[in-house]
Protein chains: 2
Amino acid sequence: MTAQVQRDGAAAAGAAEIRDIDAYMTGLGEVARRAAASLRRTPTGPKNAALLAMAERLEASREEILSANARDLARGRETGLDDALLDRLALDDQRVDGMIEGLRQVASLPDPVGEIDGLRARPSGIQVGQMRVPLGVIGIIYESRPNVTLEAASLCLKSGNAAILRGGSEARDSNAAIATCIREGLTAAGLPEGAVQVVATTDRAAVGRLIAMPEFVDVIIPRGGKSLIERISREARVPVIKHLDGICHVYLDATADPDKALAIAVNAKTHRYGTCNTMETLLVDAPLAASLLPKLAAAYAEHGVELRGCERTRAILPQVSVAVEEDWQTEYLAPVLAIRVVDGIDAAMAHIECYSSHHTDAIVTESWSLARRFLAEVDSSSVMINASTRFADGFEYGLGAEIGISTDKLHARGPVGLEGLTTRKYVVLGDGQVRQ
Amino acid sequence: MTAQVQRDGAAAAGAAEIRDIDAYMTGLGEVARRAAASLRRTPTGPKNAALLAMAERLEASREEILSANARDLARGRETGLDDALLDRLALDDQRVDGMIEGLRQVASLPDPVGEIDGLRARPSGIQVGQMRVPLGVIGIIYESRPNVTLEAASLCLKSGNAAILRGGSEARDSNAAIATCIREGLTAAGLPEGAVQVVATTDRAAVGRLIAMPEFVDVIIPRGGKSLIERISREARVPVIKHLDGICHVYLDATADPDKALAIAVNAKTHRYGTCNTMETLLVDAPLAASLLPKLAAAYAEHGVELRGCERTRAILPQVSVAVEEDWQTEYLAPVLAIRVVDGIDAAMAHIECYSSHHTDAIVTESWSLARRFLAEVDSSSVMINASTRFADGFEYGLGAEIGISTDKLHARGPVGLEGLTTRKYVVLGDGQVRQ
């Protein structure tokens, strides 16, 4: 690839209509690749300056953004978007404040780029270590929430990556208004505009091309519903960091402190229903069931949670409906909970191995040995002892920010912060050493 | 997936003929998945015991292995394999010694599984850290060298992964004899036989199925020629850790110590010709060219290295043939070297950005600032200051063993040892904390 100057991609991004999607996306790819080479060399200062300049532009453009969003909402209502989607799409002063605050937080995070780990002397006389560096170009594909545009842009920029962002067509005008602020912030800090590009066409072919340009894009991060993510994973010719479903379990062992068991089981289900780290199945050790299930049922009833139980659960709670095979396989994302009585940790871990989506699973126990076994043996991206599954979150884990939660095993697993957007290269320091 | 007992896969591995490849590979996948669940729980002791038992079995089966290899070699000669392939295929006492020694070395390496990093208290009262755990099931596809069977098996086992190994058809009998030793070693240590399975059919459809079973295989590592690796990367439905070509550069800056420059430039090319970390293009800073190129040419002439140079090189070394565009893009793997005279580090890094395969690139300089720039800005899996590119190797880096060198950016980059065969899950330790 020769370093021929080509700015058509970025220029075309402003055009109202794009006819040749392939050529347009190739242009974005070339611009992003060059911007990535420049960002790799950019120290922390200018990256933070750009983030703070974006925050200022956002503050100054509040009205333009809200009126662009009003146009999106009006179009959404015309085309019959449901209320949940309209709520995700809607911006107000508070949400704009949140975006501004988010930019300032990302600016204040430590820069992961350049960190060198494990530098050690080798018998040959060389020193070998690993340096954290940006991935390069990141493609992000997401749905209605326009604030994702800014979150994704800020995290990619801070980690030294160029970004190509493809939002949902329903947020078209909001995203364009936000993109203007991003571009102005980059320019104000002397960074290349191509560092963050927002795909200006809503043609679905643009997604197909974005996920099939390994020469320009190093990784794709889809954010949205399961069907979007499955389709992208299936069709991508570029590595994908993906987040599929969260069928999370809490297992209450007979050795649990009953008060902690009750508090965690209630919190993991009722703190929020629509989140991926919400418990969907509760496993109760048989010796605990008779005393604890009635208390749990009372607590869930207060929150209006519908219970579905196995036969042993129903022997204690006859009012509960029958859980069928499908219940163990379902991410309800709703005030519904499946309950199964099991015989000890082995049965609990066998259920988890079989039905968990390997997102987050927790045990409540006072037994040192059982806690150690659960930690070692449960193969999920987050494994918890005596804590609510709702803690599985980049902010709660101290990552400072989160681009998503990976349910993959390679590269990044669990909540993905700035570090997940970097890679490590080997560095070798010598004084003229040669191989004998 | 229910935990139904199914041993057909392992049993079929012994069969002489396998008709239904899909069913056969599915059987291997199911067996591997169950073995992986068991290996995840296996402490270091039994894994090391199995490795040492394999070493004993290998020692005891030396004659069977060599006679199986003799059958492969005879068949190879009949079918007209070339000498290089026959050499890679051939085993002798020394190579068997090497395999035995390799097993003992892997047994002596620290076990990466279970290591917990960065455990920190959070304001909520939970502690959060990351625990290193096996990937699960690893599929390895390789060509003629039968010792890869044992190397791959030992590294996967030590890192707690189940392995499905698919060697080249030309090494069929050798691989089967080695597989017997592996199986006996696993059994002697009480580990499941399914921990390492060698695909018993040479039908190419088996590879097609192996790389398309994400439900059973977590990652594919192809080892072999570029065309094999490209085909597998293109067709895989499972993540691939791949090693493509090594077009490595050494840049001699005007600030270099001339003796170090000469020694490194000669070593990086002539230490071995067929390896991926061998220098293929030498970049020489203009002020250094007139004095250094004649000495370099004399040294390369002694080693019989053919030189191809740019016009500025040929102005100093008129005997050198012309390097054309294709030379900058070629991994010679032979005693041939392309030389280009450049104007300073920016021109050198621009050439590297354009032509490097991002495997390993080195600078020779005494300048602190230029060394720092090269380290930060060159985007290759190994970046070196004043050292020969030939050091880019798992053993030289102190990994103790190497399953390959990754030219990917995600997950593992550069030499891949035991750590590259693991992943990290989050662990959360609490005392009843719930999310507020």
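Please identify, among B:414, B:45, B:102, the residue showing maximal mean-square fluctuation in a Gaussian network model of chain B using a 10 angstrom Cα cutoff.
Judging by the Gaussian network model, the answer is B:45.
If each residue of separation counts as 0.36 nm, what is the full-extension length gain between residue A:354 and residue A:56 once their alpha-carbon separation is subtracted?
On the way: separation 298, 0.36 × 298 = 107.28 nm, distance 4.99 nm.
Between residue A:354 and residue A:56, full extension yields an extra 102.3 nm.
Gap in Å between the Cα centre of the range A:281-356 and the Cα centre of the range A:412-436?
Answer, in whole Å: 45.
With a ≥ b ≥ c taken as the square roots of the eigenvalues of the C-alpha gyration tensor of the protein assembly as shown, please select rounded if a/c is under 1.5 and otherwise prolate if a/b is larger than b/c or oblate if it is not?
It is oblate, given that a/c is not under 1.5 and a/b is not larger than b/c.
Given a cut-off of under 8 Å on Cα pairs at least six residues apart, what relative contact order in percent is computed for the range B:248-391?
So the answer I get is 34 percent.
Under a crude label model (7 Å from the Cα following the beta-carbon direction), how far is residue A:95 from residue A:367 in nanometres?
Inter-label distance under the simple model: 4.8 nm.
Between rounded, prolate and oblate, where does the range B:248-391 land on the alpha carbon gyration tensor, with a ≥ b ≥ c its root eigenvalues, rounded for a/c under 1.5, else prolate if a/b exceeds b/c?
Rounded is the answer for the range B:248-391, as its axis ratio a/c remains below 1.5.
If we sort A:65-77, B:72-84 on the protection proxy, mean other Cβ atoms within 10 Å, highest first, what's the order?
Order by mean packing, descending: A:65-77, B:72-84.
So, in nm, how far is label residue A:193 from label residue B:295 when the simple model puts each one 7 Å beyond its Cα toward the Cβ?
For the pair residue A:193/residue B:295, the computed spacing is 5.0 nm.
What is chain A's relative contact order, in percent, from Cα pairs under 8 angstrom and six or more apart in sequence?
Here the relative contact order equals 17 percent.
Taking 0.36 nm per residue of sequence separation and subtracting the Cα-Cα distance, how much length would be gained by fully extending the chain between residue A:336 and residue A:321, in nm to one decimal?
Length difference between fully extended and current span is 4.3 nm.
Taking every residue in B:410-417, how many Cβ atoms of other protein chains lie within 10 Å of its Cβ, on average?
Mean partner shielding for this stretch: 5.
What ranking do A:57, B:314 get, fewest neighbouring Cβ atoms within 10 angstrom at the top? Show your work: numbers first, answer last.
Numbers: A:57 23, B:314 18.
Exposure proxy ranking, most exposed first: B:314, A:57.
Using alpha-carbon positions, what is the distance between the centroids of the range B:168-210 and the range B:58-134, in Å?
Each part reduced to its Cα centre gives a spacing of 13 Å.
Calculate the mean, over all residues of peptide A:125-134, of how many other protein chain Cβ atoms lie within 10 angstrom of the residue's Cβ.
Per residue, the number of nearby Cβ atoms from other chains is 4 on average.
Under a 10 Å cutoff between Cα atoms, tell me which one of A:286, A:189, A:376 has the largest fluctuation in the Gaussian network model of chain A.
A:376
Which three extents, in angstrom, do the Cα atoms of chain B have along their principal axes, listed largest first?
73, 73, 36
Just from its helices, what would the mean residue ellipticity at 222 nm be for chain B, if runs of 4 or more DSSP H residues each count -39500 (n - 2.57) and the sum is divided by every residue, rounded to the nearest 500 deg cm²/dmol?
-13500 deg cm²/dmol
How much of the DSSP beta bridge set in chain B is antiparallel, as a percent to the nearest 5? Let's see the in-between values first.
Numbers: 15 of 53 bridges.
Expressed as a percentage, antiparallel bridges in chain B total about 30.
Would you calculate the separation in nanometres between label points at residue A:104 and residue B:105, each defined as 7 Å from the Cα along the Cα-to-beta-carbon direction?
Here the modelled spin labels are 5.6 nm apart.
Sorted from fewest to most neighbouring beta carbons within 10 Å, what does the list B:100, B:403 look like?
By the 10 Å Cβ count, ascending, the order reads B:100, B:403.
Anyone know which of B:209, B:390, B:373 comes out most mobile in the 10 Å Cα GNM of chain B?
The residue that fluctuates most here is B:373.
Calculate how many DSSP beta bridges within the range B:76-224 are antiparallel, expressed in % of all such bridges and rounded to the nearest 5.
Taking every DSSP beta bridge with both residues in the range B:76-224, the antiparallel ones total about 25 percent.
Just so you know, all these numbers are worked out from the coordinates, no wet-lab data involved. The structure presented is a predicted model; accordingly, all values stated were derived computationally and were not measured. A quick note on method: Cβ atoms are made from the backbone with ideal geometry, for glycine too, and the neighbour counts reach across all protein chains shown.
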